[in-house]
Amino acid sequence: QVQLVESGGGLVQAGGSLRLSCAASGSIFSLNAMAWYRQAPGKQRELVAHITSSGIANYTDSVKGRFTISRDNAKNTVYLQMNSVKSEDTAVYYCSAAIRRYIAIPPFRYWGQGTQVTVSA
């Protein structure tokens, strides 16, 4: 069994910073691409940032220059550093990872339970 557990969400003032973490645990053969998504009330879930197993990162335009995704492969953990946050960043943030549990089984996408980020004016 594999679990993704997010932490670090909460209430932050506009212009402030927050750091989200997501740790993968369980039976893991390899941890491939990891990503952060978010879903605001009444909106579809959207991809925020993505990082490959070799550390190549991509961002949605609205967070470029403000958010940084990184990973620690030794800890099976991905981070999202959120700086200069805005009210429109308010959402539930979800961690996602493509995980291969055994060498003979293709990678499967797993999701965390989500962590609330609320940006106040």
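The values are calculated or read from the model by the stated rules, or taken from the named source; none is laboratory data. What you see is a predicted model, and the numbers here were worked out from it, not measured in a lab. Heads up, the Cβs are rebuilt from the backbone with ideal geometry, glycines too, and the neighbour counts pull from every protein chain shown. SASA here: full protein model, heavy atoms, side chains in, ligands and nucleic acids out. Shrake-Rupley method; radii C 1.70, N 1.55, O 1.52, S 1.80 Å.
Observations on the structure shown:
- Residues that are outside any strand (DSSP E or B) and either at pLDDT 95 or above or on the phi > 0 side of the Ramachandran plot (or both), drawn from the stretch 10-37: Ala14, Gly15, Gly16, Ser17
- Residue in the stretch 77-112 that is surrounded by the fewest Cβ atoms within 10 Å (Cβ to Cβ), counting only those that are under 14 Å from the mean Cα position of the chain (by Cα) and aromatic (Phe, Trp, Tyr): Trp111
- Some residue of the stretch 24-33 being among the small types (Gly, Ala, Ser) and over 16 Å from Ala97 (Cβ atoms): no
- Among residues of the stretch 41-64 that are over 17 Å from Ala97 (Cβ atoms), those with a Cβ under 8 angstrom from a residue that is part of a loop (DSSP other than H, G, I, E, B), sequence gap 6+ or separate chain, pair up as Glu46/Thr60.
- Residues that are open to solvent by 50 Å² or more (accessible area, probe 1.4 Å), in a loop (DSSP other than H, G, I, E, B) and touching a strand residue (DSSP E or B) at 6+ places or on another chain (Cβ under 7 Å) within the stretch 40-72 comprise Arg45, Ser53, listed in sequence order.
- Test: residue in the stretch 56-77 that is closer than 16 Å to Tyr110 by Cα, modelled with pLDDT of 95 or more and in contact with a Lys or Arg (Cβ under 9 Å, 6 or more places away or on another chain): yes
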